[in-house]
Amino acid sequence: MTLRILTVDDSKTIRMIVKKAFRPYDCEILEAENGVEGLAAANKEKPDLIVLDITMPVMNGVEMLEKLKAEPKLQNIPVIMLTAESGKENVLQIVKMGVTDYIVKPFKGEQLLERAQKAVKLEIKKEDESGEDKSGGYFSADGDIQIITVPEKVDMPVTAKIVNILETKAKQMSDQGINKIVLDLNKVSKVDMSLIKLVISVIEKCQGLKIYVRLTGTQALSNGLKDFAETSGLTIYGSVEEAKAAFN
């Protein structure tokens with residue numbers, strides 16, 4: 001089901017950051033420039049989530065939040081508030097008012113998504129039927145082995161998309177008696193928590209269907225994975241060919 005997300009901010013740049021963050025997901029983004037417009041949009045559209053700036057003209061975010069919480073039909077809509085570093089003294093006030101979460105500006109889209117996922121269920125957009133590659137360019141078959149090629153930059157949308165596609169692919173593989181996946185990390189430039197989450201998610205989903213997973217990556221990546229408790233014990237092969245041979 002398409003989520004309706006209302007972003008209320010007098011800054012067009014911030015509204016663009018919000019729109020870009022949710023672009024990979026099945027969401028409709030609604031916009032308002034101040035609290036008066038935001039309250040009107042909330043009453044009309046009944047959004048599933050509101051991303052609300054504190055400092056705005058006409059009606060600020062605290063005033064709009066107060067009116068939202070006073071309206072029975074709107075009071076349960078999750079609200080993530082945006083506050084400047086200089087406005088952190090407002091945090092205690094909005095927490096007491098029942099705000100769902102808050103972010104101090106400047107912020108990255110990934111930070112917003114992490115908080116949003118605690119309040120609503122985000123689902124990756126389904127590919128259309130135009131013949132576009134539904135594997136997202138990440139999945140390819142090599143005989144009876146499925147290769148997942150992970151891009152250079154791994155962030156939350158990339159992780160979500162790969163795991164989402166894997167949900168379908170893994171079930172198809174299991175039904176067809178195919179039980180081998182190579183997770184190719186050779187292009188990945190940075191080891192961080194987004195990558196760790198991806199690796200663990202792929203392994204856990206495959207284990208449940210008795211699908212074997214082999215990982216490939218550079219020596220630098222292998223060393224980086226050893227720094228995390230969740231991945232320190234994994235074997236990393238230098239190439240896809242080495243990983244494929246390890247299945248035998």
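Of all beta bridges that DSSP places with both ends in the chain, some 15 percent have antiparallel geometry. For the pairs Lys44/Lys197; Lys12/Lys96; Lys197/Lys244; Lys19/Lys73; Lys118/Lys180, note any where the Cα-Cα span goes beyond 27 Å. In this structure, Lys44/Lys197; Lys12/Lys96; Lys118/Lys180 exceed 27 Å between Cα atoms.
DSSP bridge analysis restricted to the stretch 139-245 gives an antiparallel fraction near 25%, rounded to the nearest 5.
Under 5 Å from the amide H of Cys27 lie the amide H atoms of Leu3, each residue being 5 or more positions distant or on a separate chain, with H modelled from the backbone and absent for Pro and chain starts. Sorted ascending by nearby beta carbons within 10 Å, beginning with the fewest, Lys187, Lys96, Lys169 become Lys96, Lys187, Lys169. Distant-in-sequence amide contacts of Tyr102, defined by a placed amide H-H separation under 5 Å and a gap of 5 or more residues or a different chain, comprise Met81. When all alpha carbon pairs of the stretch 139-245 are counted in 10 Å bins from zero, the resulting P(r) reads 15, 52, 30, 2 %. Computed with the Debye formula from one identical point scatterer per Cα of the chain, without solvent, the log10 of I(q)/I(0) at q = 0.13, 0.17 Å⁻¹ comes to -0.86, -1.13.
In terms of its alpha-carbon gyration tensor, the stretch 3-119 comes out rounded; the largest-to-smallest axis ratio a/c stays below the 1.5 threshold. Note on Thr13, Thr231: ascending count of other Cβ atoms within 10 Å places them as Thr13, Thr231, the fewest first. Backbone geometry of the stretch 67-78 corresponds, through the Karplus equation with coefficients 6.51, -1.76 and 1.60 at θ = phi - 60°, to 3J(HN,Hα) couplings of 6, 4, 5, 8, 9, x, 6, 10, 5, 9, 5, x Hz, x marking Gly and Pro.
Residue-wise HN-Hα couplings along the stretch 232-247, as the Karplus relation 6.51 cos²θ - 1.76 cosθ + 1.60 with θ = phi - 60° gives them from phi, are 5, x, 7, 8, 10, 8, x, 8, 4, 4, 5, 5, 4, 5, 5, 6 Hz; Gly and Pro carry x.
When the Cα positions of Leu92, Ile148, Leu30 are compared along the charge dipole of the chain, Leu92 comes out farthest toward the positive end, with charges on each C-beta of Lys, Arg, Asp and Glu. You can think of it this way: the chain between Gln93 and Arg23 has 22.1 nm of extra reach, that is 0.36 nm per residue less the Cα-Cα gap. Just checking the listed ones, Pro151, Pro72, Pro57: in the Gaussian network model of the chain with Cα springs under 10 Å, the one fluctuating most is Pro72. Applying the Karplus relation 6.51 cos²θ - 1.76 cosθ + 1.60 with θ = phi - 60° to the stretch 226-231 yields 3J(HN,Hα) values of 5, 7, 10, 4, 5, 10 Hz, where x marks Gly and Pro. The calculated 222 nm mean residue ellipticity attributable to helices in the chain amounts to -12500 deg cm²/dmol, summing -39500 (n - 2.57) over DSSP H runs of n ≥ 4 and dividing by all residues. Note on Lys108 and Ala40: with the Förster distance fixed at 30 Å, the Cβ-Cβ geometry gives a FRET efficiency of about 0.55.
Proximity of backbone amide H atoms, modeled 1.01 Å from N, is registered between Lys180 and Gln146, Tyr212 at under 5 Å, excluding neighbours fewer than 5 places apart on the same chain.
The numbers here are math on the coordinates, done by the rules we state, and not lab data. This structure is a prediction, so every number in the text was calculated from the model and none was measured. Cβ coordinates were reconstructed from backbone atoms using ideal geometry, including for glycine residues, and neighbour counts include every protein chain displayed.
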